[in-house]
Structure formats: structure tokens, C-alpha cells
């Protein structure tokens, strides 16, 4: 006998949205909350639809958790340590017990490669160090902005931030060659070559001591060091991942290459936006419910 219809792994915006949809479809759902998602890092989001005055990441998660629980979804603190096939279903090891589910939605997200600067976590909470220019580049309008990067992503992010400011500097810290001076100049981006150790967080600004001895001060620092997708559970089941970014490959209904396994949010694509993650969760939850109805013989036959 199955413990639940659906196990959702991850309690960020994507996982909680999927849980709310499934619970309203009258499916039994357990959400495995494996720890703070990336949304916890949001000091105030002005990019969340419906909240023009802004909303904190913590409040977003509280509201979404409450909504899912209102309809009967169970949100349980604990990390899924193992996920295996159990016939046509799945068996997950959660909090020293086995949870069996007919379908699984992975909303495991990604982890940011933060610059190794003392006090960086506190600086992210204060919006001095930022990790998503799509989310909050608007708030950097007219400010002095630095981007820490170690590959070509740094220059691409710096070029994007030129949308908002003409004072954009790329601090290239990688072992590889720095972007060409001509290309950087064409984009209106200054390039400094140095190390993360040359960047210090001081109060409400960041200070960078360049190799030439110049002292530079920035209002905001963006990290363009990339992310690591949490795909281990899916990969052990044989799920396909993209060759370029290591994220899970899904179809138009968010289904992975493993039957019965869906994936949503940052773990499947690189835009890393709450609006995108929740939309994918709605698609996946509906697809899961319809697939279970098909197995139950509750669809009209052609």
C-alpha cells in the first residue's frame, strides 16, 4: 500500500506550489522540507507578482506553506536520503522511515557558489551582495556595481547590468583569461583582474583594492560564480541531465526521462525565478494528477 499519492522533494516556492495544487486535486501529499531554499535569501522582492510594495523571501515561504497545509498537504522537515523504484512506484528514505509514493516531484533547486568573502551571508541578507540581477537589477539603477566572475558568465552578467547603470565593473577572479578589453569596452564594462581576497565588505558598501593599488568602492556586488543543481536523487534513478548545465531534462509537462518522476524550478532551467518555478509546478502537478487518473481508469477512452 502506498503511503501517499505524491512525494514532493523540496519546500521552496516550486515544491509548495505543486503541493497546494495536488492537495486541491484531493491527492495525498508529503513535502520533504530539506532545509532553507534559495528564496530565504531574498531581503525584499519587488519582482513577485501581486506585491508591488515588496515582500520578503521568508514571508513568501510562510504564505505558500500555509496555503498548501490549508488543503491537507503535509510539510515535513527532513531531507530525502535515498530515492528508489518500488515496482512502478517509489520508495524514499525520509527521517529514518520509508515513504512510498506513486509519483515524485523534485523541486530540489540549486546551491549558489558564493564568493568566499568573510561576512558574505550577512551581506546577502542586507542586499549588499546579490545573486540575481534579473530579480533586483532594477534596485541597482544608477549605482556603482561590481560583478565577481571567474568565466564568461561574469561579462554576460555585467553587460546585463548595464541596463541599469553606467558604472559597472567586472572583477575577474578566474584562472582563465580575462575578457578582452575591446569587448568589455564595447559593452561599457570596466574589467579588473584580481582575487576574491581583494574584496572587503564594509558597512553598506564593498571595497576592492586593485593590483595597481587603486581603492574602489561599490554600492552592490553581484556574484556570477554560478550554481550547482541538486540532481543526485534523480541521477541515481537514471534521469537525464543537460550536457551544458547539468540540470534535469524535462518535457513540456515537466516529466523527466524516468517514468513517474517530474522536476520543477531551478533544478531544471537557468532563469531561477519564482514566477517561472511556480508556473512549472502548476504544470507538473496537473500532469501528475492526470497521469494518476489515467492509471486509475478515470479518463475518457478514445
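Could you tell me whether residue 148 is closer than 30 Å to residue 8 by Cα, touching a residue at least 40 places away in the same chain (Cβ under 8 Å) and assigned by TED's automatic domain parsing to the domain that holds residue 191? Explain how you work it out, then say what you get.
On the way: closer than 30 Å to residue 8 by Cα: no; touching a residue at least 40 places away in the same chain (Cβ under 8 Å): yes; assigned by TED's automatic domain parsing to the domain that holds residue 191: yes.
It is false that residue 148 is closer than 30 Å to residue 8 by Cα, touching a residue at least 40 places away in the same chain (Cβ under 8 Å) and assigned by TED's automatic domain parsing to the domain that holds residue 191.
May I ask you to say which residue of 193, 199, 189, 241 is under 24 Å from residue 143 (Cβ atoms) and at pLDDT 95 or above? Even if it seems obvious, please write down each step before you answer.
Values: 193 fails: at pLDDT 95 or above; 199 fails: at pLDDT 95 or above; 241 fails: under 24 Å from residue 143 (Cβ atoms).
On inspection, the qualifying residue turns out to be 189.
Looking at region 229-275, which of the residues that are in contact with a helix residue (DSSP H, G or I) (Cβ under 6 Å, 6 or more places away or on another chain) and outside any loop (DSSP other than H, G, I, E, B) is nearest to residue 56 (Cα to Cα)?
Only one residue fits best here, namely 274.
What residue, among those in region 1-17 that are in contact with a strand residue (DSSP E or B) (Cβ under 6 Å, 6 or more places away or on another chain) and in a loop (DSSP other than H, G, I, E, B), is farthest from residue 64 (Cα to Cα)?
To start, the set of residues in region 1-17 that are in contact with a strand residue (DSSP E or B) (Cβ under 6 Å, 6 or more places away or on another chain) comprises 2-9, 11, 15.
With in a loop (DSSP other than H, G, I, E, B) added as a condition, the list becomes 2-3, 11.
Values: 2: 26, 3: 23, 11: 9 Å.
Here the residue is 2.
With respect to the numbered conditions (1) closer than 30 Å to residue 154 by Cβ; (2) in contact with a helix residue (DSSP H, G or I) (Cβ under 8 Å, 6 or more places away or on another chain); (3) modelled with pLDDT of 95 or more, which one is the sole condition not fulfilled by residue 80?
(1)
If you check residue 226 against the conditions, is it out of contact with any helix residue (DSSP H, G or I) (no Cβ under 9 Å at 6 or more places or on another chain), surrounded by 14 or more Cβ atoms within 10 Å (Cβ to Cβ) and under 25 Å from residue 79 (Cβ atoms)?
Values: out of contact with any helix residue (DSSP H, G or I) (no Cβ under 9 Å at 6 or more places or on another chain): no; surrounded by 14 or more Cβ atoms within 10 Å (Cβ to Cβ): yes; under 25 Å from residue 79 (Cβ atoms): yes.
Answer is no for this residue.
Every residue, every condition in (1) touching a residue at least 40 places away in the same chain (Cβ under 8 Å); (2) touching a strand residue (DSSP E or B) at 6+ places or on another chain (Cβ under 6 Å); (3) within 21 Å of residue 100 (Cα to Cα); (4) not assigned by TED's automatic domain parsing to the domain that holds residue 154, yes or no:
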residue: 216; (1), (2), (3), (4): yes, yes, no, no
residue: 231; (1), (2), (3), (4): yes, yes, yes, yes
residue: 234; (1), (2), (3), (4): yes, yes, yes, yes
residue: 237; (1), (2), (3), (4): yes, no, yes, yes
residue: 243; (1), (2), (3), (4): no, no, no, yes
residue: 246; (1), (2), (3), (4): no, yes, no, yes
residue: 249; (1), (2), (3), (4): no, no, no, yes
residue: 257; (1), (2), (3), (4): no, no, yes, yes
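Does residue 105 satisfy being surrounded by fewer than 21 Cβ atoms within 10 Å (Cβ to Cβ), on the phi < 0 side of the Ramachandran plot, touching a helix residue (DSSP H, G or I) at 6+ places or on another chain (Cβ under 8 Å) and in contact (Cβ under 8 Å) with a residue 24 or more places away in the chain?
Details: surrounded by fewer than 21 Cβ atoms within 10 Å (Cβ to Cβ): no; on the phi < 0 side of the Ramachandran plot: yes; touching a helix residue (DSSP H, G or I) at 6+ places or on another chain (Cβ under 8 Å): yes; in contact (Cβ under 8 Å) with a residue 24 or more places away in the chain: yes.
Judged against the criteria, residue 105 is not a match.
Could you list, in sequence order, the residues of region 18-76 that are modelled with pLDDT of 95 or more and assigned to a strand (DSSP E or B)?
29, 30, 31, 32, 33, 55, 74, 75, 76, listed by residue number.
The values are calculated or read from the model by the stated rules, or taken from the named source; none is laboratory data. Remember, predicted model here, so these are calculated numbers, not experimental data. Positions of Cβ are generated from backbone atoms using ideal geometry, with glycine treated the same way; all protein chains shown enter the neighbour counts.
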